[in-house]
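Read through the structure below, which is laid out as structure tokens, and then see the notes.
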Amino acid sequence: MPQPATPYGFLRRTPALQWVLLIVISGLVSFILDRAGFPAALFLGPMLVSIAFGVNGATIRLPKPLFQISQGVVGCLIAHAMTAAVLLMVAQHWPLMLLSTSITVLLSVLVGLFLVRFGGLPGSTAAWGTTPGAASAMVAMAEEYGADSRIVATMQYVRVVCVVMISALVGRFLGAEGTGAATQAAQLEWNWQSLSSFAVTLGVVVVGAWLGRRLPAGALMLPIVLGTLVQLGAGIQITLPHWLLALAFGAMGCYVGLRFDQATVRYVMRALPKMIFASLMLIALCAVSALLLAHLMDKDFLSAYLATSPGGLDSMAIIAVESHADVGLVLAMQALRLLGVIVTGPFLARQIARFAKPA
């Protein structure tokens, strides 16, 4: 049967042209979003452009092995944050940090139940979409565990935008209260004197993704484990230049975005108000838990708020540095929660799908 006409239907006959246009336009949109200060611009730009291509009948698809390699890069990015200072912070305050992390994860479960019950979302998709971890990691794990990664990506990045905007405002108003303690945020910059470290990092990405390709979320988890062991055990710094991160996030964005069609976009638009409301509800509940954490750990509220905020580790670290908050606490809490949700995410998704019945 003839394919339905679309405004850009001529692209269906030229896959090479589709790829060229997708790469060029994605790069341009990512640059514009990044200059405008949008979080996760390297992922959002390619995903938005790929959605437009998919809705208008594009036939190209990103091979899954490239998606798994991109997961490996994200895993190394997480491992890069697992410094000795972060682990020491966890060792010193682990009971309170574990309690706070558990509260945040529990709140995300409640919000997920709300979305399933009243928002009409599938249980596993709502679980991964509301899980407070690195958005790209949650999208990757949702894909591995059979959830709709398109909806999960939309939910995650709607929340990331809300979190970053609100956290930036909180940091601006409360920045003077920060302790300024101390650790310097990781800078992922190219350094020609560290080619050996970069080669080891690539080895961790490829080997970890290949060994974990048949395990649930293995392409993400094994590079985290291997990268942390290499960095802390062997003393080799995980080196991730900007262009490699751009390629990895761009590939993940294209993989997710090209799977959208017109029906999916209509569904997302109908559910968008509920997604925004759920994100704001989770942010407010986490802010309440930050009050408790600040009191028990004798920390300023800004540092506790950024540490418990359900945003990405990288975004919260940047805001912590700019607002003179306790960067060590923020990195430690965000990293601990990320590992916690990676381990418990599959179980929580099953429980939400099991106990929550859509209204």
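Throughout, read-outs are computed from the coordinates displayed, never taken from laboratory work. Just so you know, these numbers come straight off a predicted model, no measurement behind them. Note that we place each Cβ from the backbone using ideal geometry, even for glycine, and neighbour counts take in every protein chain shown.
Quick notes
- Prolate/oblate/rounded call for region 228-315, Cα gyration tensor, a/c under 1.5 rounded: oblate
- Shape of region 9-355, Cα gyration tensor, a/c cut at 1.5: oblate
- Approximate spin-label separation Thr344-Trp94, in nm, with each point projected 7 Å along Cα-to-Cβ: 1.6
- For region 90-98, Karplus couplings with θ = phi - 60° (6.51, -1.76, 1.60), whole Hz, Gly/Pro x: 5, 5, 6, 10, 4, x, 5, 5, 5
- Segment Ala199-Asp261, extension gain: residue separation times 0.36 nm, minus the distance between their alpha carbons: 18.4 nm
- The label-point distance for Leu247 and Ala234, in a model that sets each label 7 Å from Cα toward Cβ, rounds to 2.0 nm.
- Shown in residue order for region 153-167 are the 3J(HN,Hα) couplings computed by the Karplus curve 6.51 cos²θ - 1.76 cosθ + 1.60 at θ = phi - 60°: 4, 4, 5, 4, 7, 5, 5, 4, 4, 4, 5, 5, 5, 5, 5 Hz (x for Gly and Pro).
- Label zone at Ile32 (point 7 Å along Cα-to-Cβ), backbone N below 20 Å, region 146-169: 158, 161
- Summing Lys and Arg as +1 and Asp and Glu as -1 over all other residues whose Cβ lies under 11 Å from the Cβ of Met333 gives a net charge of +1.
- Fully extending the segment from Leu211 to Leu66 would add 50.8 nm, taking 0.36 nm per residue of separation and subtracting the current Cα-Cα distance.
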